[in-house]
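K.L.:
Got a structure here, written out as structure tokens. Questions coming.
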Amino acid sequence: MKSKRNRYLFRFLIGSFVVSFLLLVLMSLYALRLIRDNDHFSKRLDHANAVISELYKIDILIRDIDAKERGYGLTKQEGFIGEIKYDIKKLIPATQTLGNLIADQKDQKELLIKFRGAISLRLNLVEKSLKYYDTAVNLGSSPSFQEARDLKNEALMYLKQMQANEFTALSTSLREKDHSGSFLKSYVQTLIIIFFLLTSALFTFLVRQINIRKKYQDALQQNVNDLKGTNAELEQIAHALSHELQEPVRKIQLFSDKLLHSRRGEEETGRILQRINVSAKNAHSLLQNMEVLIGLKKEDYGNPVDLNMIMQEVVQSLHEKFTTLKVKLHSEKLPSVRGNHQQLVILFTNLLENSLNFASPSRFPEIEITCQKVVNLDNTDLHPDDEQEYNKILIKDNGQGFENSYSEKIFRMFQRLQTETEGNTGKGIGLALCRKIMNNHYGQIKANGKPNEGATFTLYFPAY
């Protein structure tokens with residue numbers, strides 16, 4: 001019943017969404033029309049401004065010509081004649097530009113025709129006046145002086161009428177534009193509110209359903225990934241049970257058979273028992289390591305962990321080995337990282353034990369631990385493009401080392417290098433544990449070495 005109700009609700013919401021979408025389209029089309037009208041008003045404003053600007057330019061040119069004509073009459077300087085001719089050349093294209101701008105305005109065109117007639121007559125008097133001023137003493141005595149002034153005033157009067165007409169049109173366009181803009185603003189605001197009210201509930205429901213499905217898919221994918229990882233580990237463990245455990249168990253069986261079916265002395269019996277004990281310890285150690293590997297889970301990594309305290313705990317647990325092998329350990333101050341305390345103890349214990357297990361027989365072991373901050377790991381696939389800062393910790397020893405071609409192989413479970421000797425105690429699982437722990441901490445571990453010189457393990461922890 002509930003499922004049927006949800007189905008009807010979902011159909012209703014989809015129908016409501018379609019209706020609101022159609023309403024939005026219709027209102028948007030009307031808003032587009034208003035925008036076009038507003039654009040038309042803007043063009044009218046630009047046109048009026050252009051006409052007024054051209055009228056001002058013509059007005060200034062006419063006044064300049066008149067002033068320079070009188071200036072020549074007073075000073076007789078030849079420079080005024082050149083400037084007058086230059087202004088006349090500018091005046092002609094200016095009137096043509098004005099005519100193009102008002103080509104569709106009947107009243108303005110009539111005024112422009114009258115202006116052109118007046119200004120044409122005025123310009124015809126310029127050359128006559130200049131010749132008269134060459135010999136005249138009094139400007140007012142010129143026979144064309146009064147006529148030229150009247151024609152100038154008439155031309156300027158027509159310009160003022162045209163300017164007045166454009167200012168009237170400009171004022172009208174401004175009022176219409178302001179009204180249209182105000183209405184458009186209110187309309188768009190109302191449109192947004194209506195659309196928001198109609199669609200918010202619909203989107204909320206749809207997003208909720210999408211998120212529920214996405215979370216389900218993400219959880220399912222995570223489970224698939226976890227299962228793949230678990231299957232890979234189970235395959236490795238099965239390999240250990242079928243291969244790695246066979247050797248110590250075979251030795252236990254072999255030596256126990258010798259002990260049962262032979263009559264050896266007490267000293268020989270002790271040696272056999274000792275070898276049985278060593279094989280049993282190896283089998284037990286391998287089982288313990290596999291138990292630890294299976295128990296490593298990616299959880300409880302939110303708390304800060306002081307790596308200096310981790311190192312103190314690890315060194316204390318390895319104190320006997322350090323003393324026996326006369327190990328020299330130098331460690332800089334280490335940072336705190338977000339992680340799991342127990343796993344970090346396992347990580348550093350395995351790395352230090354690795355240095356001890358593969359120490360050089362010709363010199364005392366030396367281990368150096370340094371730290372620095374870095375950004376953007378180079379040549380790695382761990383966040384290569386972000387600005388994440390990392391704590392880079394280097395653990396360097398002077399042991400047997402290895403060829404760099406084995407730098408990845410050593411992190412695989414039960415993978416031992418060909419350079420290992422019979423005396424080495426590596427079980428082939430410690431560095432695999434280290435890599436998994438670093439992955440759990442969203443970090444990375446890398447290794448490089450030189451045969452007979454030593455090895456360096458580099459740890460990258462995200463800084464916080």
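K.L.:
In the range 33-79, which residue that is touching a residue at least 40 places away in the same chain (Cβ under 8 Å) and β-branched (Val, Ile, Thr) is nearest to Leu151 (Cα to Cα)?
P.N.:
Ile62
K.L.:
Still on this structure, I have one more. Could you list, ordered by first residue, the pairs with Cβ atoms under 6 Å in which the first is in the range 424-446 and within 19 Å of Glu389 (Cα to Cα) and the second is open to solvent by 10 Å² or more (accessible area, probe 1.4 Å) and modelled with pLDDT of 80 or more, at least 6 apart or interchain?
P.N.:
Note: pairs meeting the criteria are Met438/Gln444; Tyr442/Pro462; Gly443/Tyr460; Gln444/Tyr460; Ile445/Arg435; Lys446/Thr458.
K.L.:
Cβ-Cβ under 9 Å, sequence separation 6+ or interchain: first residue in the range 118-144 and at pLDDT 65 or above and open to solvent by 90 Å² or more (accessible area, probe 1.4 Å), partner of a type in the set (Ser, Thr, Tyr) and not in a helix (DSSP H, G or I). Which pairs?
P.N.:
Lys128/Ser142; Lys128/Ser144
K.L.:
Tell me which residues, restricted to the range 69-96, are over 20 Å from Tyr132 (Cβ atoms) and touching a helix residue (DSSP H, G or I) at 6+ places or on another chain (Cβ under 7 Å).
P.N.:
Residues of the range 69-96 that are over 20 Å from Tyr132 (Cβ atoms), as a first pass: 86, 89-96.
Of everything in the range 69-96, those that are over 20 Å from Tyr132 (Cβ atoms) and touching a helix residue (DSSP H, G or I) at 6+ places or on another chain (Cβ under 7 Å) turn out to be Lys90, Leu91, Ala94, Thr95.
K.L.:
Which number in (1) at pLDDT 90 or above; (2) of a type outside the set (Val, Ile, Thr); (3) open to solvent by less than 20 Å² (accessible area, probe 1.4 Å) marks the one condition that Lys446 misses?
P.N.:
With respect to (1) at pLDDT 90 or above; (2) of a type outside the set (Val, Ile, Thr); (3) open to solvent by less than 20 Å² (accessible area, probe 1.4 Å), Lys446 is out only on (3).
K.L.:
Shifting gears a bit: For Leu61, indicate whether it is over 21 Å from Glu154 (Cα atoms) and surrounded by 13 or more Cβ atoms within 10 Å (Cβ to Cβ). Before you say what the answer is, go through the steps one by one.
P.N.:
Details: over 21 Å from Glu154 (Cα atoms): no; surrounded by 13 or more Cβ atoms within 10 Å (Cβ to Cβ): yes.
Judged against the criteria, Leu61 is not a match.
K.L.:
Moving to a separate point now. So which residues in the range 145-173 are in contact with a Leu (Cβ under 7 Å, 6 or more places away or on another chain) and open to solvent by 40 Å² or more (accessible area, probe 1.4 Å)?
P.N.:
Phe145, Glu147, Gln161
K.L.:
Ok, one more. Of all residues in the range 82-102, which are part of a helix (DSSP H, G or I) and among the hydrophobic types (A, V, I, L, M, F, W, C)? Talk me through it step by step, then tell me what you get.
P.N.:
At the first step, the residues of the range 82-102 found to be part of a helix (DSSP H, G or I) are 82-101.
Result: Ile84, Ile88, Leu91, Ile92, Ala94, Leu98, Leu101.
K.L.:
Could you say which residue among Gly399, Gly426 is open to solvent by less than 30 Å² (accessible area, probe 1.4 Å), assigned to a loop (DSSP other than H, G, I, E, B), of a type outside the set (A, V, I, L, M) and at pLDDT below 90? Full working, then the answer.
P.N.:
Working: Gly399 fails: at pLDDT below 90.
Within the list Gly399, Gly426, the selection yields Gly426.
K.L.:
Can you tell me which condition Gln108 does not meet? The list is (1) polar (S, T, N, Q); (2) open to solvent by less than 50 Å² (accessible area, probe 1.4 Å); (3) part of a loop (DSSP other than H, G, I, E, B), and all the others hold.
P.N.:
Only one criterion is unmet by Gln108, namely (3).
K.L.:
Kindly provide the set of residues from the range 83-100 that are without any contact (Cβ under 8 Å) to a residue 24 or more places away in the chain and touching an Asp or Glu at 6+ places or on another chain (Cβ under 9 Å), ordered by number.
P.N.:
First, the residues of the range 83-100 that are without any contact (Cβ under 8 Å) to a residue 24 or more places away in the chain: 83, 85-86, 89, 92-93, 96, 99-100.
Scanning the range 83-100 gives a single hit, Glu83.
The values are calculated or read from the model by the stated rules, or taken from the named source; none is laboratory data. Everything numeric in this text was worked out from a predicted model, so none of it was measured. So basically every Cβ, Gly included, is an ideal-geometry build from the backbone, and we count neighbours across all protein chains shown. Protein only, heavy atoms only, side chains kept; ligands, DNA and RNA dropped before computing areas. Shrake-Rupley method; radii C 1.70, N 1.55, O 1.52, S 1.80 Å.
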